[in-house]
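Accompanying notes for the structure given below.
The values are calculated or read from the model by the stated rules, or taken from the named source; none is laboratory data. The structure presented is a predicted model; accordingly, all values stated were derived computationally and were not measured. Positions of Cβ are generated from backbone atoms using ideal geometry, with glycine treated the same way; all protein chains shown enter the neighbour counts. Surface accessibility is based on the protein's heavy atoms, side chains included, excluding ligands, DNA and RNA. Shrake-Rupley method; radii C 1.70, N 1.55, O 1.52, S 1.80 Å.
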Amino acid sequence: RADGGDRCRFYDPASDLDPTPSDQGLIAEIRGGLEQGRFNMRYQPIVALSSRQVVGYEALMRWRHPVRGEVPPTEFIAAAEKSGLIHALGDFALIQSCLDAATWPPALQVSVNMSVVELLESDAPRRIMAALAGAEMAPHRLRIEITETARIPDLGRLRTAIDEIRTLGVTVALDDFGTGHSSLTHLQSLSFDCLKIDHRFVQDLATPRTASMIRMLVAYARQIGVMVVAEGVETEAQATQLAQMGCTHAQGWLFGRPMLATELPGWQLAS
Ligand code: C2E
Ligand code: CA
Ligand code: CA
Ligand code: CA
């Protein structure tokens, strides 16, 4: 870090969120993409492990880039967070996901990702309420997945935002559990309805230590009344092992890839 000194031991939002020169170009391109309607959502099924029935879909954003083709969010969310654009992208994700989910059978939920930056910098509860109202969708059908991309600067404000969202009747999930920043402390000190176990752990299930940790987490989550979804399940062996560990829900290529709204099962055409 260029600024150095003892300040770097503490969270410094300005330095974390300052766009680099290469971000600047990307930010301009994202702005253009938004103006041209080049962003869309894909939906990946979340299933109950016991029945394999779909209980909902996670909304995942894509950028249809004129040259690069379909660009995944890992390549543009961080840059968008460093500019105000994350709020425009976030609003698009929320509004489009609610409009699409409103056409699904009412038993199905939609999970929308929101970064902590988005949650802390904007009036997230109000935006969520507006998206629900616009789609005339019941709040309990929406789940917000919170992803930490940086250390949380203000746990108190995050707690307030989560509590306000839950007061609306919307459920909240802690995403990417087990990675860098998503810690046991947050699971313990914030109110979540759902915990998503990161795909890196699922991919490492064959390692006894990893398996023990997931088993422990699933038991803890069950005790505090939090639903567990395992992410990135690619094989039957993983699904079986997770079910044996008491994990109730899962998501991954084994059950379905992220699909366009028009590629979802035919039920939206029926009735
Ligand atoms: P995530 O929330 O952890 O989403 C799961 C990622 O795992 C998705 O990547 C999905 O395509 C991928 N995946 C699903 N099944 C499998 C599998 O079986 N194996 C493997 N290896 N991967 C699988 P994707 O779509 O590239 O999204 C990456 C991240 O970008 C998401 O991670 C989420 O944190 C973020 N993101 C996506 N959409 C949005 C959005 O609308 N807003 C915000 N703020 N972040 C978003
Ligand atoms: Ca997610
Ligand atoms: Ca995740
Ligand atoms: Ca993630």
Using just the helices of the chain, give the 222 nm mean residue ellipticity in deg cm²/dmol: DSSP H runs with n ≥ 4 each add -39,500 (n - 2.57), and the total is spread over all residues, rounded to 500. -12000 deg cm²/dmol
Which of rounded, prolate, oblate describes the stretch 32-95, given a ≥ b ≥ c as roots of the alpha-carbon gyration tensor eigenvalues and a/c under 1.5 marking rounded, otherwise prolate only if a/b is larger than b/c? prolate
Tell me, what % of the accessible area of the stretch 42-164 is carbon and sulfur with a 1.4 angstrom probe? 56
For the chain: accessible area per residue (Å², 1.4 Å): 48
Scan of the chain for chymotrypsin sites (Phe, Trp or Tyr not before Pro) in DSSP loops with at most 14 other beta-carbon atoms within 10 Å gives a longest site-free stretch of 12-252
Please get the size of the charge dipole for the chain, origin at its Cα centre, with Cβ charges of +1 on Lys and Arg and -1 on Asp and Glu, quoted in debye to the nearest 20. 520
If r is the Cβ-Cβ distance from Thr185 to Ala28 and R0 is 30 Å, what FRET efficiency results, to the nearest 0.05? 0.20
Rounded, prolate or oblate, given the Cα gyration tensor of the stretch 100-188, with a/c below 1.5 counting as rounded? prolate
The chain pair-distance distribution - Cα-Cα, 10 Å bins, rounded %: 6, 28, 35, 24, 6, 0, 0
